[in-house]
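Notes to accompany the following structure.
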Amino acid sequence: MKHRKPILITGGAGFIGSHVLRLFLTKYPNYQIFNLDALTYAGNLENLKDVENLPNYTFLKADITNTKEINNLFELYKFESVIHLAAESHVDRSISDPLAFVKTNVIGTMVLLNAFKNLWSQNFTNKLFYHISTDEVYGSLGETGLFTEMTSYDPNSPYSASKASSDHFVRAYGETYNIPYVISNCSNNYGENQFPEKLIPLFINNILNNKPLPVYGDGNYTRDWLYVKDHAEAIYLVFHKGKNKQTYNIGGFNEWKNIDLVQLLCKQMDEKLNKPRGTSESLIMFVKDRPGHDLRYAIDASKINKELGWKPSVTFEQGLSKTIDWYLNNKGWLENVTSGAYQNYYKKQYH
Ligand code: NAD
Ligand code: TYD
């Protein structure tokens with residue numbers, strides 16, 4: 001059989017991972033792409049139905065915290081590059097169960113780093129460990145300013161602290177063992193296949209079910225929204241052209257206060273559902289704030305723009321419209337992921 005360059009993508013059954021996987025599988029028929037995922041509540045092979053039969057795709061069900069299993073898989077498949085997305089990713093869950101975040105995000109990343117280092121320590125030529133992280137490691141901005149790659153780390157939630165820790169370990173392995181690595185820190189993603197615990201899909205699902213839209217605090221928190229397919233393109237560029245031991249910030253040049261975003265979402269939902277203007281907005285309910293809630297995130301993405309020529313391809317209005325259309329056309333997907341354990345999570349979080 002012709003040798004195909006083996007690339008390991010972790011967390012490929014999740015939201016961002018499934019888009020990255022699809023992009024790599026279709027752009028690279030000559031790479032053998034492995035998707036390693038534990039299929040937690042957030043992992044869903046339905047996200048990959050259209051690509052699962054491609055000859056360059058292999059799914060491996062495994063947990064990144066399982067040292068023995070991960071070492072065996074590295075020995076067996078000799079992954080030359082790793083794109084590491086597997087993580088516990090939801091801030092609210094990190095507040096109720098912080099240790100789960102340390103386990104997967106810190107220990108799991110360490111297990112992968114060790115397996116990669118041990119496999120290639122004699123010769124790292126053409127090898128790469130690409131770690132996907134978040135802008136939340138930088139903490140909170142005030143009313144002005146942007147996060148650059150030089151901004152100091154200042155995480156405030158157990159989620160962001162666990163991601164910050166994993167970023168530090170990746171850097172430390174680069175300095176200590178000389179593993180080739182890149183890190184990208186991106187802003188809030190939105191788009192197709194996002195699990196309905198995050199703001200946008202949660203609110204789409206609640207509008208469809210005529211349930212309240214729980215806005216935390218006064219809703220004056222700001223996030224910089226990035227369309228997931230634009231993020232996948234950025235990851236593709238960083239993977240190929242990013243410089244060793246560099247960090248790239250990826251953002252949408254697209255800041256929205258939560259309340260303004262929710263109003264835009266409500267307006268688009270009313271239009272698409274042929275409901276009178278104001279129907280969805282009447283579901284907005286201001287609820288108890290999230291503890292340690294970061295006021296504002298905003299990314300300065302000029303480095304990736306100048307060095308690698310990346311920029312977002314859609315406006316927020318366009319991306320949001322595509323996203324809503326996908327959820328409206330995939331109600332079965334929503335029903336599947338919101339049955340069972342989701343109901344218990346929802347009750348605990350919002351009642
Ligand atoms: P997600 O929660 O949708 O998916 C995570 C995936 O990882 C799931 O498929 C899950 O099954 C898998 N996973 C979890 N624990 C695992 C384990 N122990 N072993 C193997 N697989 C495991 O997450 P996402 O939103 O797609 O985020 C992907 C990455 O991007 C994460 O590292 C996250 O921190 C980062 N990120 C996400 C956002 C965002 O807005 N979603 C923003 C910035 C950074
Ligand atoms: P979220 O999608 O959880 O992403 P992150 O916390 O990583 O930024 O939340 C986005 C913003 O929306 C954040 O300011 C918290 C807020 N939010 C609500 O107001 N209500 C909700 O039910 C959720 C899930 C989030």
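The values are calculated or read from the model by the stated rules, or taken from the named source; none is laboratory data. Quantities reported herein were computed from a predicted structural model and do not represent experimental measurements. Reconstructed Cβ throughout: ideal geometry from the backbone, glycine too, with neighbour counts over all protein chains shown. For the accessible areas, the whole protein counts, side chains as well, though only heavy atoms, and no ligand, DNA or RNA atoms are used. Shrake-Rupley method; radii C 1.70, N 1.55, O 1.52, S 1.80 Å.
Against the condition of a type in the set (Asp, Glu), under 29 Å from residue 47 (Cα atoms) and surrounded by fewer than 16 Cβ atoms within 10 Å (Cβ to Cβ), how does residue 307 come out, does it pass?
Spelling it out, it is not the case that residue 307 is of a type in the set (Asp, Glu), under 29 Å from residue 47 (Cα atoms) and surrounded by fewer than 16 Cβ atoms within 10 Å (Cβ to Cβ).
Give 348, 257, 288, 267 a once-over and let me know the one that is without any contact (Cβ under 8 Å) to a residue 60 or more places away in the chain and more than 23 Å from the chain's Cα centre (by Cα).
One residue alone meets the criteria, 267.
Just name the residue that is nearest to ligand 2 (Cβ to nearest atom) out of those in region 7-43 that are over 20 Å from residue 189 (Cβ atoms) and buried (at least 16 other Cβ atoms within 10 Å of the Cβ).
38
Take residue 193 and tell me if it is closer than 17 Å to residue 228 by Cα, under 17 Å from the mean Cα position of the chain (by Cα), at pLDDT 95 or above and away from ligand 2 (no atom under 13 Å from the Cβ).
Values: closer than 17 Å to residue 228 by Cα: yes; under 17 Å from the mean Cα position of the chain (by Cα): yes; at pLDDT 95 or above: yes; away from ligand 2 (no atom under 13 Å from the Cβ): yes.
Taking the combined requirement at face value, the residue satisfies it.
Kindly indicate which of 341, 298 is within 16 Å of ligand 1 (Cβ to nearest atom), touching a residue at least 12 places away in the same chain (Cβ under 8 Å) and within 30 Å of residue 146 (Cβ to Cβ).
Sole residue among the options that is within 16 Å of ligand 1 (Cβ to nearest atom), touching a residue at least 12 places away in the same chain (Cβ under 8 Å) and within 30 Å of residue 146 (Cβ to Cβ): 298.
Can you name the residue in region 291-340 that is among the aromatic types (Phe, Trp, Tyr) and part of a loop (DSSP other than H, G, I, E, B) and, of all such residues, is farthest from residue 204 (Cα to Cα)?
Of everything passing the filter in region 291-340, 310 is farthest from residue 204 (Cα to Cα).
Within region 29-53, count every residue that is within 17 Å of residue 80 (Cα to Cα), assigned to a loop (DSSP other than H, G, I, E, B) and in contact with a strand residue (DSSP E or B) (Cβ under 8 Å, 6 or more places away or on another chain).
Final tally of qualifying residues: 1.
Hey, can you tell me all the residues within region 147-158 that are touching a residue at least 60 places away in the same chain (Cβ under 8 Å) and either under 16 Å from residue 176 (Cα atoms) or surrounded by fewer than 20 Cβ atoms within 10 Å (Cβ to Cβ) (or both)?
148, 149, 156
Can you confirm whether region 229-236 contains a residue that is among the aliphatic types (A, V, I, L, M), at pLDDT 95 or above, within 19 Å of residue 320 (Cβ to Cβ) and in contact with a His (Cβ under 9 Å, 6 or more places away or on another chain)?
yes
For region 222-238, state whether one or more residues are of a type in the set (Asp, Glu) and under 26 Å from residue 168 (Cβ atoms).
Yes, region 222-238 contains at least one residue that is of a type in the set (Asp, Glu) and under 26 Å from residue 168 (Cβ atoms).
When you check residue 193 against the structure, is it touching a residue at least 24 places away in the same chain (Cβ under 8 Å), within 14 Å of ligand 1 (Cβ to nearest atom), over 17 Å from residue 259 (Cα atoms) and part of a strand (DSSP E or B), yes or no?
Details: touching a residue at least 24 places away in the same chain (Cβ under 8 Å): yes; within 14 Å of ligand 1 (Cβ to nearest atom): yes; over 17 Å from residue 259 (Cα atoms): yes; part of a strand (DSSP E or B): no.
Here the answer is no, as residue 193 does not meet what is asked.
Go through region 199-254 and give me each residue that's within 16 Å of ligand 1 (Cβ to nearest atom), outside any loop (DSSP other than H, G, I, E, B) and open to solvent by 40 Å² or more (accessible area, probe 1.4 Å).
199, 229, 233, 236
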